Every structure is written in structure tokens, then in C-alpha cells.
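Presented below is the structure to which this report refers.
Where a number appears in this text, it was derived from the coordinates with a stated rule and is not lab data. Since the model is a prediction, treat every value here as computed from it, not as a measurement. Cβ sites come from the backbone with ideal geometry, for glycine too, and all protein chains shown count toward neighbours.
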Amino acid sequence: LQLENALRRALEREQLSLHYQPQVSLQTGRVIGAEALLRWQHPELGQVSPAEFIPLAETSGLILPIGEWVLRSAALQLKAWMEAGMAPITMSVNLSSVQFRHADLPALVSRILDETRLPPNLLELELTEGVAMVDPLGAIAVMNDLHDRGVRMSIDDFGTGYSSLSYLKKFRIYKLKIDQSFVRDITDDPEDKAIVSAIIGMAASLGLQTIAEGVETAGQLDHLRAMGCDEVQGFHFSRPVPADAFAAFVQAAL
Ligand code: G
Ligand code: G
Ligand code: MN
Ligand code: NA
């Protein structure tokens, strides 16, 4: 409860911030997107990982105001970068299951897009398989609604949940994010290689984009390129960094 109260105050006291990790096209080598990742700088505890405080935010309901703050801040940041001359890139935002199932989400997303005058197709919402599979019919309706508003959706940590492949064709998905656990040993482990190759092949057949997460080495990158993966993200390029460092990274990569 103490941590919960601290989290409640964190929103008001501006202890929350976003870091951004670049997403790189394998075809062009260019930065084509950013994933926004939430950070909490607690005055005594230091950096608290979202892996720790997101579950707490979900049970306390705080995830709704926090999630709204994340969406708006990420959208405003992208707008600011573009106004400063950065070529348009996509902004990916992680959604919690509570946010995704909240009835106001599609309208909230539209409000934020209107406020910021961002083209909807520059916003990408990341969902895990588990979130979509809790209530697949409900998920289909929400995805259709968001899709009709022009927003793209991706499945995060793909391959780690119990994805029913039959739902994959019903979900309005734009991109699969191949989980980093399959990428880690891709240069040595024939099974991981086979799984990643199968995901990329299936995605291509279904007309979905693929991005590999957790790319840390040039060797992993070579394998992913040979397999026809569309995009990559990971420490090999950059850790998640504050907004100004992200802009500097994009500038240096040109
Ligand atoms: O970047 P990092 O290792 O700290 O992220 C840990 C976990 O927290 C990841 O699963 C990531 O998806 C999740 N996460 C990061 N930012 C957000 C956010 O803004 N909203 C939600 N719901 N999850 C987030
Ligand atoms: O669940 P999600 O994929 O949103 O979470 C992304 C998490 O992965 C974040 O915690 C981020 O810091 C972390 N991450 C991003 N790139 C790498 C990487 O190359 N290696 C490792 N080990 N973690 C990464
Ligand atoms: Mn993610
Ligand atoms: Na992921």
C-alpha cells in the first residue's frame, strides 16, 4: 500500500518519465520507430522497473491515469521531434490489459490524436497475446474500432503466450514483435532459428510486419536479415534513452 501511495504521488510530482528505444528497418538501415518505455524515479528507491509497478498500477486502477499520461506524453514527444525537423517515425506504446479492456480507450486515443494533430498511423499500440486472449471477441471489437480510427496494433512478446493462431487472422494486427527469448540464441540454437523463421514466414503470408526484439549482436542481426525480418530493436542499436538522446541517435544515424 505504501508503494501504491507513492505511485499515486509519482504522477503528480512528475517522477514518471518516458525513455525511447529505436526501431530500425532492415531494408533501409534507418530508424523508423520509437518504443516508449515508462520509468519511475522514486526519491528513495531510485529507478523502479515498470515490471514491478505496472502490476501494482493495474490492481489499484492507477494504470488508467498513468496509461493516459504515457499515451499523451509519447504523442506530444513525437510531435515535438517532428516540429524540430525529425522525419516522421512511428511511436509504439505498451498497453496494459486494464487499459485495453477499458471502454474509453478508442475515444481516448482519438482525443489525444486530435489534441496533438498526429497522423493516426504514426501511433502503434502494443498488446501481449495474453491481453488479447482474455476475451478474444471483445478484443476483436476494440481492435476493429482502433483500426477504423487509423491506429496500428502490434502483438508484443509474440510466441510466449498461448496464442491461438486461429485468432491471429481475426485480430486487426499490423505487426508481430518476435520475443527476445527466441532472438537470444538465434545464431547457435537451430530450434530458435526454426521458430523465428516460421514466425517471419507466417507473418509474411498473413500480410503482417515483423520486428525482432532484444537484438544485441551483429551476428543476430545477420541471421534476422537473412530470414527476411522487417525491423529490429535492441541494445545492439541503443538502450531505451531519454528523448534528447533518442533525437541525437537518429541525427547521428543519418
Ligand atoms: O523497459 P523495461 O525493461 O523496463 O520494461 C519492463 C516491462 O514493462 C516490459 O514488459 C514493458 O512492456 C513494460 N512497460 C514499459 N513501459 C510501459 C508502459 O508505458 N505501459 C505498460 N503497460 N507497460 C510498460
Ligand atoms: O515487454 P516489452 O517488449 O515491451 O519490454 C521491452 C523490454 O526489453 C524493456 O525492458 C527493454 O528495456 C528490454 N530490452 C530492449 N532491448 C533489449 C535487448 O537488446 N536486450 C535485453 N536483454 N533487453 C532489452
Ligand atoms: Mn513492448
Ligand atoms: Na516484448
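Descriptive notes on the structure:
- Taking a straight line from the alpha carbon of LYS169, these lysines sit under 19 Å away, with near neighbours fewer than eight places off in the same chain left out: LYS177.
- As a rough footprinting exposure proxy, the listed residues MET143, MET86 were ranked by other beta carbons within 10 Å of their own, and the order from fewest upward is MET86, MET143.
- For segment 2-253, the relative contact order works out to 19 percent when only alpha carbon pairs closer than 8 Å and six or more residues apart are counted.
- Chymotrypsin sites (Phe, Trp or Tyr not before Pro) within segment 22-123, DSSP loop, no more than 12 other Cβ atoms inside 10 Å: none
- Chymotrypsin sites (Phe, Trp or Tyr not before Pro) lying in DSSP loop within segment 114-192, provided at most 13 other Cβ fall within 10 Å: TYR162
- Per-residue extension of 0.36 nm, minus the Cα-Cα distance of ALA226 and SER17, leaves a gain of 71.6 nm for this segment.
- From helices alone, the chain scores -14500 deg cm²/dmol at 222 nm; the rule is -39500 (n - 2.57) for each run of n ≥ 4 DSSP H residues, then divide by the residue total.
- The overall shape of the chain, judged from the alpha-carbon gyration tensor, is rounded, with an a/c ratio under 1.5.
- With neighbours defined as other Cβ atoms within 10 Å of a residue's Cβ, the residues SER166, SER97 order from fewest to most as SER166, SER97.
- Whole-Hz Karplus values for segment 218-232 come out as 5, x, 4, 4, 4, 4, 5, 5, 4, 7, x, 5, 7, 9, 9 Hz, taken residue by residue from phi with 6.51 cos²θ - 1.76 cosθ + 1.60 and θ = phi - 60°; glycine and proline positions read x.
- Available extension along the chain between LEU3 and ALA51 is 15.9 nm, counting 0.36 nm per residue and deducting the alpha carbon span.
- Exposure proxy for PHE249, PHE235: other Cβ atoms within 10 Å of each Cβ, ordered fewest to most, give PHE235, PHE249.
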